[in-house]
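Enquirer: Quick one: structure below, then a few questions.
Please treat every number below as a calculation from the coordinates, not as lab data. Treat the numbers as computed from the prediction; the structure is a model and nothing was measured. When we count neighbours, we look across all protein chains shown, and the Cβ atoms used for this are built from the backbone with ideal geometry, even at glycine.
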Amino acid sequence: MLKKSKWLKQMSIGRNWLDFTDCLSLNKKPHLIYGQQRMGVVGVNRMPSSFLLNNQDDVGMAERVNSAYLECESIARAASSSFFRSFRHLPEPKRKAVNALYAFCRRVDDIVDGDWLPDGDLSHLDSLTKAQSEALLEQRSFNSLFSEQEHFERLRALNSFRENLDLIESGSKMSEPMFIALADTLHRYPIEMVHLRELINGMEDDLFETTYERFEDLRRYCYRVASTVGLCLIEIYGYSDPNARRHAVEMGIFLQLVNVLRDIQEDLSRNRVYIPSEELAKFGIAQSDLRDPKLAGTKAWQNFMRHYIDHIHAHRKSALGLLPLLDKDARRSPRLMCMAYNAILSEAVRRNGDVLSRRLTLNFYRKMQVAFSTLLSPNFD
């Protein structure tokens, strides 16, 4: 018989289920989930607070900061209702900080995907960007995904984000709402700026046609675009065991490896091939074969998918060790995301590895089935 406390906890299953089924409809680009040291730990450098908000008597500045957080919330809500719903389980200060971090990551992603560019005059970055563009094009063996002008504009936009991170680090006053909120978040939580810079560097690779040879190359990419975000997020979630950092890295890799399967068709249309050629070759498959939907029905592909999913399971096992290490008031949000991604992976298995002929999504009845079975018998505690 359930104890009263546990029974009362079960009474909230309706709301949890609605959140979970929404998470199962994840949009592209999770690039999010998990950390570093706790606040107050010796050796952690906080951002200067010259323009910030907690200890000032400037009511106008406080209002600007609150407005900036609301704009980040709007970006998160518009970009992914799934992530936004999972964030709402966090206490308000942590929820606002996560929205600010998500908005930053999302905008970087939108820049490299060709979906968004910042407003304003960025001409002061032209010389730097031109030299950088020439160097990158000379180093790369693959073409840019964009025209010369658009490639330049998107690279310049990434440089403007780098510049804003430098300004935040120096304690300069910020003018753009997203960076006002991000600066406040970096002041409140011991997030290392190096992770945000590495995220931009990783995303920059997606301005070019992409192909990887070895699984280690793919893991390195996953670290740069997903684990780095995780190493920021757990600073907001809170933890005391330093092993949380190792599990956070694994969480990012786990989530991004699932994304590679889910978004494989869209990525192929952008000439981004994340599946490593050496791994495919073990099963007699070439990267060019991925564009043939009939490949999904072959034994070679099905055997490859079992091999790839084994890699994901190995990372997932360590990733799930993160959840009990987080502060209790922050566990539900990443837990919902883990359940959603696990359900997507299970769907790939159910389809016998067919992620090529149609996008990896869950129908409504499958969402209901997985949601009830997962919430009633959770495997992520």
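Enquirer: Calculate the all-directions average of the projected area of the stretch 142-233's alpha-carbon convex hull, and give it in nm². Write down the numbers at each step before the final one.
Expert: Working: hull surface 27.0 nm².
Mean projected area for the stretch 142-233: 6.8 nm², to one decimal.
Enquirer: Which whole-number percent of Cα pairs in the stretch 213-285 have a distance greater than 15 Å? Show your work: numbers first, answer last.
Expert: On the way: 1580 of 2628 pairs.
Of all Cα-Cα pairs in the stretch 213-285, 60 percent lie more than 15 Å apart.
Enquirer: A further question follows. Would you mind counting up the charge near A314? Only other residues with Cβ under 12 Å from its Cβ, with Lys and Arg at +1 and Asp and Glu at -1.
Expert: On the way: positive: R219, R316, K317; negative: E250, D310.
Net charge in that neighbourhood comes out at +1.
Enquirer: Would the stretch 114-268 count as rounded, prolate or oblate if I go by the C-alpha gyration tensor, calling it rounded below 1.5 in a/c and otherwise prolate when a/b exceeds b/c, oblate otherwise? Let's see the in-between values first.
Expert: Working: a/c = 2.14, a/b = 1.08, b/c = 1.97.
Note, shape of the stretch 114-268 comes out oblate.
Enquirer: Can you return the aspartates and glutamates within cross-link range of K282? Criterion is Cα-Cα under 18 Å, with same-chain partners fewer than 8 residues away left out.
Expert: Cα-Cα hits under 18 Å: E213, E216, D217, D310.
Enquirer: Output wanted: per-residue J couplings in Hz (rounded whole) for the stretch 286-293, from phi through Karplus 6.51 cos²θ - 1.76 cosθ + 1.60, θ = phi - 60°, x for Gly and Pro.
Expert: 9, 4, 5, 5, 5, 7, 9, x
Enquirer: Still on this structure, I have one more. Rounded, prolate or oblate: pick one for the stretch 235-375, where a ≥ b ≥ c are the square roots of the eigenvalues of its C-alpha gyration tensor, a/c under 1.5 means rounded, and failing that, prolate if a/b is larger than b/c, else oblate.
Expert: Working: a/c = 2.44, a/b = 1.67, b/c = 1.46.
Prolate, since a/c reaches 1.5 and a/b exceeds b/c.
Enquirer: Under the Karplus relation 6.51 cos²θ - 1.76 cosθ + 1.60, θ = phi - 60°, what is the ordered set of whole-Hz ³J(HN,Hα) values for the stretch 149-159, x standing for Gly and Pro?
Expert: Calculated HN-Hα couplings, in order: 5, 5, 4, 4, 5, 6, 5, 5, 5, 4, 5 Hz.
Enquirer: For the stretch 329-335, take each phi angle, set θ = phi - 60°, evaluate the Karplus expression 6.51 cos²θ - 1.76 cosθ + 1.60, and give the result in whole Hz per residue in order, putting x for glycine and proline.
Expert: Once θ is set to phi - 60°, the couplings for the stretch 329-335 become 6, 10, 6, 5, 4, x, 5 Hz.
Enquirer: While we're on this one: So which aspartates and glutamates can K96 reach, going by Cα to Cα under 16 Å and dropping same-chain residues fewer than 8 places off?
Expert: E63, E71, E73, D184, E235, D329
Enquirer: So, one more: What is the set of long-range amide H partners of V273 at a cut-off below 5 Å, with H atoms built 1.01 Å from backbone N?
Expert: Placed amide hydrogens put T210, T211 under 5 Å from V273.
Enquirer: What does the net charge come to around E209 if you take all other residues with beta carbon closer than 9 Å to its beta carbon, with K and R at +1 and D and E at -1?
Expert: Summing Lys/Arg as +1 and Asp/Glu as -1 gives +3.
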